[in-house]
Every structure is written in structure tokens, then in C-alpha cells.
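What follows is a short report on a single structure.
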Amino acid sequence: MKDLHTENAGFLTLNAGSSSLKVALFPADGDEPLLTGQADRIGPDGTLKLKDAAGDAVEPAPGDLTSHAGALAVIIATVKRVFPDLHMAAVGHRVVHGGLDHAEPVLVTEEVIAQLADLEPFAPLHQPHNIAGIRAAMAAFPGVPQVACFDTAFHRGQPFVNDTFAIPHRYYEAGVRRYGFHGLSYDYVTGELARIAPHLMAGRVVVAHLGNGASMCAIYRGKSVASSMGFSALDGLPMGTRCGQIDPGVLLYMLDREHLDTSQIRQILYNESGLLGLSGGLSNDMRTLEQADNAQSHRAIDYFVFRVQRELGALAAVMGGIDALVFCGGIGENSRVVRRRICERLGWMGIEIDHNRNAENATVLSSEFSRTTVMIVNTREDLVIARAARAAAGIFEEAEA
């Protein structure tokens, strides 16, 4: 048996989205990856960019980027070429939906895969690709532990009033509940706050994970007590192409008046809405919308900011106040405009940002007069997955001994 803590042991993390695949390769010990990268627009126009620990570009192996399996094969071939002596100790996977049964990372078995497949209708954009990534990694690394880490796990202890819908209780018993998502990101941010600002983590924090997928979470004394996302990854804030909160009557209208079937409605809600739909098809990318500076882009950004402000007020009310607002995710970490606009009407919550700090993307954005701390924490979902993979591989190694 190979020692997991030898210099040539590695841990691969995979984060499969609807048309992307993020990858990071970590050493046996340490939090800085040896290799990172992302396959984008998987399909006929697929691209793959990789870089090493120094930030230098790594030339991908030749291969097919038209499918997730093909992209993963290219990544694995590149890893084996660049690190020929590497022993893969475990592969960690982000899995969007863990359902009722999974509140912790688990070693993947055929039984686990079957359970995850049953959850595909709850996360149709992500779950099938998560499972495909697991299958591909199992084939590429026979016998290597595969570890599933769940975006829903962080929220599983939420109180009943935020876990349910006001529909017949039999649906709750059947698993129709508010699961919440982006849990790996919230897990990392919570851990970082406990390390750098424990006095805040002991209080009332709202974390805003703002990116192509977006949600917010109320964290009271380190625990999730409410989140903007619910049964599926559609709910809450508008996202790149997802609608966010919507009156169910709109769906009935689509069914009854437009005679759309469920697949057509799913296409609209998941792929044609959000920033893309609001901007009249201009873009789902906040960077493009900010640069466009026209009526369509203003419409999309205005609505996004409004919904974040509205959700922030609701989440603060759940906790009876707020001590800190933390931004993370691609928009939260990088868009000075969106952060400024979100905070500029929140003086009533004790929020006042320092515009110079905001312009610099500083860790602490709030002014010295602000009663509520405003921060940026660059989230590291890959590191949460890598740590879970290390822990699970150690358990696997002990069981095999």
C-alpha cells in the first residue's frame, strides 16, 4: 500500500458545471495546488486553460473537448504527462445535490451513485455532469477512492420554518424541502472567518456568494439558519441564466396559456433567464453587462442589485440583526460596481463602505464608522473538496490495512 503522505501523492478535485469543468491537483500536504484549470464551453467550441503552481500556462494534452468525459480525459492525460511519478491518492468531486441522506462527504459506491442519480430532477444542469465526472474518474483511476462533497450539506441543520414550504406536509416527508446550495463555498468562508475574525463568526453574518450561480446565506454562530436558494438551484437571486425567485403562477401561465411542456419551461428557467433574459439576450456575464453600459445592461444590473438588497434584509431579519456582510464568488470578489451599489442604500443596517477600499478589492471594505463589517473572502471550494478527499482517503487507507 502506498503512503498518502509521500511526496508523489496527489489529490485531484473536480467541479463539473453544465458546460464547464474546474480542476485542481493538490499535493499530499499543503493547501496550494500544483495545477489548476478550467474547461469552458464544453462542446464544439470547448476550451481548456491550465496553469502550474507558479501561474505559468501548461499546454494541455491533445484531445476532445466536446464532452465532459472528453475534457476530463484531456486533463488526466495532462496531469500524467506533467507529473509522471504521481500517485493519485483520491479524487474529490463537487456534487450539487445530496438530498436528505448526505450531510457529510462520502466515499462513492455504486449505491451512492444510484442515490445521486435519483436527485437529477432536483439539479438537472449539474447533477448529471457531477455523476459523469465521478464515472470518468473511476475509469481513469481504478481502485482510487472517489469522494463526493455536497453543496447542500452545509444547510442540512436549518430550522423547520426555513426547511419547508407551505404545501401539504406529505411533500415535506417525501423530500420536497428547502435544501440550499453553494454549501462548499459557505463552508470555506465560515472557516476563514473563524480564523481571521472569530468575533464576527460568533455573531450574525450574511455571506453573499455572487457569481454565475448566486445565493446568500444567514450564518448564526457558525451555522446556516436560512438561505436564499430552496428546493432547487433556481430559487432566490437572479443568476447568469437562471431566473431566481418566481411566482409559481407564472409557471401555470406557461403551461395553460402557452402550452409549453416541462422541458421547454426548464429550458427557459435554467438557460434563458437571469441576467441573460433581463438584458434581452445581451449577456449572462456581469463583466460584459458593466462594460456595455446601455439600457439592457442597466435593467439586468438594477434587478440583480435590488434582489440582493431585498434578500439581505430578509436574512438579517431571520437573525435579529447583522454583524457582518461577506462577499464571495466571481461577482462578489471582483465587481466593485455591484458591491458599491448593493451597499449604498444600506445605511439603515449600519453598512457604510470605504470607496477606496472597495476600489482596491481590500479584504475589509467597511469604513471605520460602519457599525456592520463588510468584507471580501475569496472562496476556495476546491480546497474544501481536497481536504475532504484527504480525510476520506486516510480512512480508506486504514480500512484497507
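Loop-located GluC sites (Glu not before Pro) in region 299-363 (DSSP state not H, G, I, E or B) with no more than 12 neighbouring Cβ atoms inside 10 Å: 360. Measuring nothing but how far apart in sequence close Cα pairs (under 8 Å, 6+ apart) lie, relative to its length, the chain scores a relative contact order of 14 percent. May I ask you to give the percent of accessible area on the chain that is carbon plus sulfur, with a probe radius of 1.4 Å? After summing per-atom areas, the C and S share lands at 52 percent.
For region 301-385, the Cβ-based charge dipole about the Cα centre amounts to some 220 debye (Lys, Arg positive; Asp, Glu negative; other atoms uncharged).
Calculated from the structure, semi-axes √(5λ) of the Cα gyration tensor in Å equals which of (i) 36, 23, 20; (ii) 96, 22, 19; (iii) 33, 25, 23? Here the calculated entry is (iii).
Entry note, region 46-111: relative contact order of 18 percent, from Cα contacts under 8 Å with a spacing of 6+ residues.
Of all beta bridges that DSSP places with both ends in the chain, some 65 percent have antiparallel geometry. Applying the criteria of a DSSP loop state and at most 16 other Cβ atoms within 10 Å to the trypsin sites (Lys or Arg not before Pro) of region 139-246 yields 221. Only DSSP H runs of four or more residues enter the estimate; each adds -39500 (n - 2.57), and after division by the residues of the chain the mean residue ellipticity at 222 nm equals -11500 deg cm²/dmol.
Based on Cα contacts under 8 Å between residues 6+ apart, region 1-99 shows a relative contact order of 28 percent.
Accessible surface for the chain, divided over its residues, is 45 Å² per residue with a 1.4 Å probe.
Each Lys and Arg adds +1 at its Cβ and each Asp and Glu adds -1 at its Cβ; summed about the Cα centre, region 180-247 shows a dipole of about 240 debye. Between 0 and 90 degrees, the angle of helix 262-271 with respect to the longest Cα principal axis of the chain falls at about 90 degrees. For the chain, lysine pairs with C-alpha atoms less than 24 angstrom apart, excluding pairs fewer than eight positions apart on the same chain, total 6.
Amide H contacts of residue 213 (H built 1.01 Å from N, in plane; Pro and chain starts excluded): 240 sit under 5 Å, all sequence-distant by 5 or more or on other chains. Overall, the chain carries a charge dipole of about 920 debye about its Cα centre when +1 sits on the Cβ of Lys and Arg and -1 on the Cβ of Asp and Glu, all other atoms neutral. The label-point distance for residue 250 and residue 220, in a model that sets each label 7 Å from Cα toward Cβ, rounds to 3.0 nm. Loop-resident GluC sites (Glu not before Pro) (DSSP state other than H, G, I, E or B) in region 191-274 with no more than 15 further Cβ atoms inside 10 Å of their Cβ: 258, 272.
The values are calculated or read from the model by the stated rules, or taken from the named source; none is laboratory data. Keep in mind that this is a model prediction, so the values were computed, not measured. Cβ sites come from the backbone with ideal geometry, for glycine too, and all protein chains shown count toward neighbours. Just so you know, the surface numbers come from the protein's heavy atoms only, side chains and all, with ligands and any DNA or RNA stripped out. Shrake-Rupley method; radii C 1.70, N 1.55, O 1.52, S 1.80 Å.
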